[in-house]
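The values are calculated or read from the model by the stated rules, or taken from the named source; none is laboratory data. The shown structure was predicted, so the numbers you read here are calculated from the model rather than taken from an experiment. We place every Cβ from the backbone using ideal geometry, glycine too, and count neighbours over all the protein chains shown. SASA here: full protein model, heavy atoms, side chains in, ligands and nucleic acids out. Shrake-Rupley method; radii C 1.70, N 1.55, O 1.52, S 1.80 Å.
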Amino acid sequence: MLALIPLLPFAGFLVNATMGRRLPKAVTGGLASAVMVLSFLLAVMQVWSLAAMPPESRQINQTLFTWITAGDFSLDLALRLDALSAVMILVITGIGSLIHIYSTAYMHEETDEAFGRFFSYLNLFCFFMLMLVLGSNVLVMFVGWEGVGLCSYLLIGFYYEKKSASDAAKKAFVVNRIGDFAFLLATLLLVVTFNSLDFTTIALAAKEMPVEVTFGTISLITLLMFIGATGKSAQIPLYVWLPDAMEGPTPVSALIHAATMVTAGVYMIGRNAVLFEHAPITLQIVAVVGAATALLAGTIGLVQNDIKRVLAYSTVSQLGYMFLAMGMGAFGAGIFHLMTHAFFKACLFLGSGAVIHALHGEQDIRKMGGLKKHIPITYWTFVIAAVAIAGVPGLAGFFSKDEILFETFLHGHQILWGVGVLTSLLTATYMFRLVHLTFHGEERFGAAAAHGHDAHGHAHQPHPSHLHDAPAPMAFALIVLAIGSVLAGYVGVPHALGGHNNLGAWLEPAFQATNCGQPVTTGELAGIALEDCLPGEEAGAEDHAALELSLMAVSSLVAFAGIGLATLLWLKRKDIPAQMATQFSGVHQLLLNKYYVDEVYDAIIVQPIKVVSQEGLWRGFDVKIVDGAVNGAGYFVSGVSIILRLLQNGSVKTYAAAIFAGAVTILAYYFWR
């Protein structure tokens with residue numbers, strides 16, 4: 001049954017890819033959604049079975065077949081469900097099912113061919129994502145890793161006739177390949193170092209090795225893995241593809257760029273937690289890059305005017321939060337935020353899609369406003385998700401964000417904690433800037449929106465009387481995700497608030513180097529104590545309660561301050577942002593143009609590569625040397641053939657003269673000798 005979880009979406013892909021254009025839209029969308037719902041139900045059943053097992057053996061394995069055998073190296077195509085992958089498959093199939101259902105209404109205006117193509121891509125993506133998190137070894141994970149990259153390319157460039165969409169797809173594909181190359185090098189190093197790619201075998205072997213105080217082999221392996229994660233999870237310096245990826249349909253942004261693919265790097269670090277714990281230098285790099293990315297993206301999000309790009313930079317920023325947690329060694333906190341973020345960010349993206357749907361393609365928040373009374377379901381669900389991401393107490397984002405900030409402070413990284421708090425302030429500010437400009441204030445979508453256009457460039461003139469709230473499938477997904485944005489955090493209520501971090505206790509065995517009841521083939525690694533498999537209580541939780549409550553108070557005040565600041569600037573005193581943009585025009589332009597990072601990359605990387613490719617490799621080497629050699633050979637043969645052709649012209653006189661000349665030449669040679 002474990003294999004059926006990814007195979008059901010794959011079956012949906014096969015049907016829609018081959019017959020989707022000939023099937024009614026109701027059948028195409030219904031089939032794609034049904035296989036995801038069935039996959040979700042199977043996932044729930046498997047996780048339920050997993051939870052019934054003793055903690056020391058909480059693992060389900062399924063070997064499909066032996067994949068590679070070379071000498072003493074062997075690798076199976078095998079799946080493994082444990083505490084960590086259980087959280088991931090519930091997120092992928094649960095939220096994925098809601099996004100599929102939402103898409104049946106959102107994409108309904110597409111042609112039959114495009115509609116079937118979209119759902120086939122969406123199902124294929126879910127198949128690869130499930131393989132990524134269920135793989136029991138690095139190579140199965142890498143197959144899923146590359147598969148989601150392919151599907152991301154296909155879905156971002158779904159409107160491939162639109163140049164900006166096709167360019168964004170290519171950009172995402174190329175930038176991700178840079179990170180993937182590093183991940184592939186790490187995979188090869190793992191084979192050389194451990195002669196295995198199985199996660200459990202590697203973790204058990206690494207546990208016996210000393211922690212690398214200086215940079216060593218494990219540090220190099222983990223650093224290469226992290227470079228791979230910076231590509232997939234949009235961290236500095238490879239984050240530039242994700243904002244452009246908003247060219248894809250909005251459900252794609254919700255599924256790939258909020259809940260699943262972009263979190264693959266976070267999952268990968270958690271899956272290899274023992275390796276990273278033995279490489280503290282790499283962990284420091286992870287934490288610093290995560291904090292820097294969170295702050296950088298947060299500042300850019302303050303001034304963006306495209307509703308989806310604001311959410312895109314928010315995603316980059318929240319991913320930075322997750323990597324900050326992983327860099328602290330607080331792997332459970334990182335996965336906790338991954339899970340809560342999936343709910344409220346998917347809700348925000350789908351809410352933005354409902355707004356775009358209502359306004360017939362308009363995405364500029366400067367041409368919105370006053371939408372609250374026209375689309376109330378979208379408004380209230382969007383606000384709930386915005387409050388959750390802002391970190392307001394009682395909602396999901398508060399619990400997971402607070403745990404990350406607490407762990408950062410507890411580990412003595414006060415500067416990184418300060419960066420995290422500042423980022424939290426920015427998050428609350430730009431999210432409620434988005435809420436106020438979109439839903440509150442005067443209506444700006446009448447004549448001003450007449451120049452709006454949809455994804456295909458068709459102009460529209462929306463009128464308030466023509467606005468409609470989210471259709472039933474879209475509204476259903478929004479409401480469920482909004483409920484999750486409120487309740488998801490209660491699986492990790494901290495001890496300081498009188499709760500118990502159930503999610504942390506559930507995940508803890510997945511981050512330890514234990515066989516957890518599974519047979520270990522390497523004899524010297526077989527002596528695993530039973531208590532190593534058991535989740536433990538948070539050490540010194542009572543001692544840190546006062547500190548944690550104080551930090552909670554700070555983060556709560558920061559969240560309310562950000563909301564209040566946004567309300568003042570973009571609802572009460574809207575003249576202040578305009579004055580500030582004029583007074584600090586340099587800073588405003590710097591943020592509006594995203595620190596000119598794309599322009600810098602273009603100047604120092606893209607253009608030199610183009611010059612070398614065109615002038616050096618193409619015109620210099622290919623045209624002159626390669627083509628010159630090939631063409632030269634042709635010219636030589638042609639010239640020789642012209643001479644030889646004169647000897648076979650059919651003229652008897654020419655033949656007689658040739659014979660006479662030959663005879664004279666031979667006789668002259670002999671007389672000379």
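Tabulated data for the structure shown
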item: The chain, dipole about Cα centre (Lys/Arg Cβ +1, Asp/Glu Cβ -1), debye to the nearest 20; result: 2400 debye
item: Solvent-free Debye scattering, log10 I(q)/I(0), computed from the Cα coordinates of region 202-320 at q = 0.12, 0.13, 0.17 Å⁻¹; result: -0.47, -0.53, -0.80
item: DSSP-loop GluC sites (Glu not before Pro) across region 206-267, with at most 13 other Cβ within 10 angstrom; result: E208
item: Heavy-atom surface of the chain, accessible at 1.4 Å and reported per residue (Å²); result: 41 Å²
item: Paired Rg and Dmax values of region 21-67, which use every Cα atom, in angstrom; result: 16.7, 51
item: Estimated distance in nm for a label pair at L487 and A114, the labels positioned 7 Å out from Cα along Cα-to-Cβ; result: 3.7 nm
item: For Cα Rg over 2.2 N^0.38 Å, calculated from these coordinates, the label among [x] 1.05; [y] 1.16; [z] 0.99; result: [y]
item: Region 1-105: radius of gyration over Cα atoms, expressed as a fraction of 2.2 N^0.38 Å; result: 1.29
item: Loop sites in region 564-598: trypsin sites (Lys or Arg not before Pro), DSSP, at most 13 other Cβ within 10 Å; result: R573
item: Residue list for region 414-442, given a label point 7 angstrom along the Cα-to-Cβ vector of K373 and an amide N cut-off under 16 Å; result: 439-442
item: The chain - percent of accessible surface contributed by carbon and sulfur, probe 1.4 Å; result: 68 percent
item: Percentage, to the nearest whole number, of Cα pairs in region 373-419 over 18 Å apart; result: 46 percent
item: Cα-Cα separations in region 198-271 greater than 13 Å, expressed as whole percent; result: 72 percent
item: For region 548-673, diffusion coefficient by Stokes-Einstein and Kirkwood Rh (Cα), 20 °C, 1.002 mPa s, µm²/s; result: 89 µm²/s
item: Region 192-247 and region 276-338: distance between their alpha carbon centers, rounded to Å; result: 16 Å
item: Virtual spin-label span in nm between F621 and L644, 7 Å along Cα→Cβ; result: 3.4 nm
item: Distance (nanometres) between label positions extended 7 Å along Cα→Cβ at H500 and L568; result: 4.4 nm
item: Principal-axis tilt of helix 652-672 within the chain, Cα atoms, nearest 10 degrees; result: 80 degrees
item: 222 nm mean residue ellipticity, helices alone, for the chain (DSSP H n ≥ 4; -39,500 (n - 2.57); rounded to 500); result: -21000 deg cm²/dmol
item: Viscosity 0.692 mPa s, 37 °C: Kirkwood-radius Stokes-Einstein D of region 152-259 over Cα pairs, µm²/s; result: 212 µm²/s
item: Alpha carbon convex hull of region 21-162, volume per residue in cubic angstrom; result: 127 Å³
item: Förster-model FRET efficiency, 56 Å R0, L14 and A657, C-beta, rounded to 0.05; result: 0.15
item: FRET efficiency estimate (nearest 0.05) - Cβ-Cβ, L410 to A578, R0 41 angstrom; result: 0.45
item: Segment E443-Y635, length gained on full extension (0.36 nm per residue, minus Cα span); result: 61.8 nm
